[in-house]
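The next block holds one structure in the form of structure tokens; read it before the comments.
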């Protein structure tokens, strides 16, 4: 059962001291913590933000036997970590939970079957009391799902059919599902699917990579009935091979675009491009190779950074460029004080090699295999640019220890007045750096996840289930599983395994 921190005079004075100290260093405050005790083999929860309505916890509940259903537990807490409601729901073992979305006053859970032609299962829960309805959604094409969103009266499914980008729209009232027109192109990638809740529309960006012709970026806007409101084809200049890209709206209705490019058709990027989308379908853009960004290599140790910069200078004197290649996952573009901020995370795939037979793994009968072991993250970059595409400043931030089998965003961004904080969670610590323009404040902050009581210590963090994400307003939350011991005279006492959520704010 859940247990919230006790408020005492001593804790209050400690909180005031921390508030004053952290205000000077821009380190995070952790005002509240929720703990749920778990058994040794009990599944932890996953957490999703309900914005100012709190958080949703969910997990599959282990059951003995081979009954027809698998049980899922859903628990909603408010922003003060008070439990609002709890539901346990049985779903046929044929289905696997693959997506979720929160829209207006409803929470949607999407389940899929292992067959590519079998229907989806949609579970809808009311925000206030958790009242639940369930229905199957017809899968009109064998879609490999990558995007799931709610907008107005519709659900949007984005993904690929036979390697071609495809978008489906499901009307929640008449129950009909249809494929949206103008998709299903060969050599195409679904770059972005974003919802505009203000007018119940959604934008879809598709990148077409046909052989021997320049890449083409197509932007389409639909309403929640699937009516095409706007379509803009942007033929990118030859040689600008876009790999990742994001768009953002300007106040005058135009769009800015930023992403990564390569000088050849490769998975490795050579730099970033930023620009303006013009009404006639042209793009007024600038490109910046990584070696042209003066602070791009700040994530490196001093000696290595100096060697890299010396290499760049030597090649520049000879009239040559020092080319650097990275794989970069690009976040959504953030608007701040009239300019835009793009954040990306550099990564590379990791493989394991196994061999057998023969002395030293060689010789007759040898069998060698290669296995994908996830993505290793190295650093995050942050780049600010004007609405017309000119870079104002840039910086970078080392990422340590993170490896994931799923490519996802780990570094989060907090924009606060004249500064930007980059932060991520690893090994029970909130690791962060503060950027003020092109100036990176000295040092990286390592702030342990705060416990409920000073008489406890962390014995172990289960990093494979820890996560940090934006919550609402200026708040973030960190969640995970810890093994905690209570200190006693002469040593440590009893041990317990807990699932935690800590509320986080930067002053």
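Side notes on the structure shown:
- Estimated purely from DSSP H runs of n ≥ 4, each contributing -39500 (n - 2.57), the mean residue ellipticity at 222 nm for the chain is -2000 deg cm²/dmol once divided by its residues.
- Difference of contour (0.36 nm per residue) and Cα-Cα distance, residue 408 to residue 351: 18.7 nm
- Label-point gap, in nm, between residue 82 and residue 37 - each point 7 angstrom along Cα→Cβ: 2.4 nm
- Between residue 332 and residue 196, the modelled labels are 1.5 nm apart [label points 7 Å from Cα along Cα→Cβ].
- Measuring r between the beta carbons of residue 225 and residue 487 and using R0 = 45 Å, the FRET efficiency lands at 0.15.
- Between residue 105 and residue 303, the C-beta separation translates, for a Förster distance of 60 Å, into a calculated FRET efficiency of about 0.60.
- Estimated FRET transfer efficiency (residue 386, residue 232; beta-carbon r; R0 30 Å; 0.05): 0.90
- Euclidean distance between Cα centres, the range 157-172 to the range 367-436, Å: 29 Å
- When Rg and Dmax of the Cα atoms in Å is computed from the coordinates, the matching label among (i) 24.9, 76; (ii) 23.5, 73; (iii) 21.6, 69 is (i).
- A crude spin-label estimate for the pair residue 147 and residue 474, with each label 7 Å from Cα along the Cβ direction, gives 3.3 nm.
Values in this text are rule-based calculations from the coordinates and carry no lab data. Here the structure is a predicted model, which is why all the values come from computation and not from measurement. With ideal geometry, Cβ positions are generated from the backbone for all residues, glycine too; neighbour counts draw on all protein chains shown.
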